[in-house]
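Below is one structure, written out as structure tokens, with a few remarks after it.
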Amino acid sequence: LHYMRMERQLGRTLVLPRAHQVRKDKRAWTPAPRRVHAMWYVPDGNEYFPLSLVYNMSTLSEYQPSVELADLWALPSGYGTVGPAAEGSGARKRRIDLLFVAGRTGPGGQACVEGAEQRNFLFNGVQGVVVGDLRCAPQRYTAELQKLAHVRSIGFADAFDQVPEQQAHELVPFLRFVRPIYTAAEEFVQAHFGEEPFLAVHWRRADFKLTRGGRSDVLLEVDAFIERVESALLSRGLSRLYLATDATEEDDLARIRERLDPRRFSWVANADETDMQVAMDVANIEIAICAMAAFFLGTRTSNYSLTVREERRARGHPDETHNFLAFKQDATD
């Protein structure tokens, strides 16, 4: 969303990277000495997907002219890392005239060295990219980028910039899932709820047990979770529940099934054997299902819950129809 807005302000064509999907390493969800963020992922669960498998490119182009990186550079088919283009292969030149990297370490752990032209840079899983000018610091300000109108192509690596909620609200109507995602969600809701209104809940667990373990306004243990959901169902006059969660504790899930009888698109959370594209589709279908609910309870600080909220706004649900599972001390439902 940040780059959609920025490229429009700059009057440039937005080049869409491949979506980088990594598989979470459950072994890292248990606290351990000197645990670092990078250790939450395993390198063999590492794939790249064209964004056109996820988002509707026609809708996006209504906001900003755009092209996928795979098309711009004529990348070979497949979802893994792409090797350097062979001489005489007919592949288009893979070049970025000016690249901003978020820190001194670039993609794949390669060192970010400013100065001379880089001829074998790894960018978005593509090897052998030529970088004319490398900057080892992020650049988020449109005013500074407007001074670079003479530079043909500008790129950003390892950037995780977000936009304020109000700006996101204005942009999300142009960032829509592909039709099969919505069709699967609609068919599921019709089959399991019909026309009956329901409550949707996103209960984030997994890595949050490590990263948010001390925050009572974020995490709820199973007893508190059940009590909160039962209260929300009663106060909203609802009797049906949809649950989206990455929880893997079977005892807790069994208690939830017994007490709340929720519906789920899949009871398999981050299964090691699950195809990564299937896992991505399931996650997005669940977002669409949650967006169809009469009321939604999410997990505070979770980008997944935030995405559901934005999807709900795009569907016309007022803000009064979503809240968080865990209360802040001074908050009420």
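Observations, loosely collected:
- The residue pairs whose first member lies in the stretch 208-233 and is more than 14 Å from S302 (Cβ to Cβ), whose second member is among the hydroxyl-bearing types (S, T, Y), and whose beta carbons are closer than 7 Å, counting only pairs six or more residues apart or on different chains, are L233/S239.
- Leading residue by the ranking (modelled with the lowest pLDDT) among those in the stretch 232-266 that are surrounded by fewer than 12 Cβ atoms within 10 Å (Cβ to Cβ) and hydrophobic (A, V, I, L, M, F, W, C): A254
- Test for R205: is it more than 25 Å from the chain's Cα centre (by Cα) and of a type in the set (K, R): no
- Of the candidates Y182, Y79, the single residue that is under 30 Å from D319 (Cβ atoms), surrounded by 12 or more Cβ atoms within 10 Å (Cβ to Cβ) and of a type in the set (S, T, Y) is Y182.
- Against the conditions (1) open to solvent by 10 Å² or more (accessible area, probe 1.4 Å); (2) closer than 18 Å to C290 by Cβ; (3) of a type in the set (G, A, S), A224 satisfies every one except (2).
- Candidates A184, A149: the one that is in contact with a helix residue (DSSP H, G or I) (Cβ under 7 Å, 6 or more places away or on another chain) and either within 25 Å of A19 (Cβ to Cβ) or in a loop (DSSP other than H, G, I, E, B) (or both) is A184.
- The stretch 208-221, subset in contact with a Lys or Arg (Cβ under 7 Å, 6 or more places away or on another chain) and buried (at least 18 other Cβ atoms within 10 Å of the Cβ), residue farthest from D252 (Cα to Cα): V218
- Some residue of the stretch 282-299 being open to solvent by less than 10 Å² (accessible area, probe 1.4 Å) and of a type in the set (S, T, N, Q): yes
- Any pair with Cβ under 8 angstrom, 6 or more apart, that starts in the stretch 53-82 at a residue that is small (G, A, S) and ends at one that is in a strand (DSSP E or B) and open to solvent by 20 Å² or more (accessible area, probe 1.4 Å): S66/V15; G80/N46; G80/E47; G80/Y48
- Flag if A247 is within 23 Å of F193 (Cβ to Cβ) and not β-branched (V, I, T): yes
- Only a single item in (1) open to solvent by 20 Å² or more (accessible area, probe 1.4 Å); (2) part of a helix (DSSP H, G or I); (3) under 17 Å from E311 (Cβ atoms); (4) in contact (Cβ under 8 Å) with a residue 60 or more places away in the chain is not met by L171, and it is number (1).
The values are calculated or read from the model by the stated rules, or taken from the named source; none is laboratory data. Since this is a predicted model, take the numbers as computed values, not measurements. Cβ atoms come from the backbone with ideal geometry, glycine included; neighbour counts cover every protein chain shown. When the accessible area is computed, the model is the full protein with side chains, heavy atoms only, and any ligands, DNA or RNA have been set aside. Shrake-Rupley method; radii C 1.70, N 1.55, O 1.52, S 1.80 Å.
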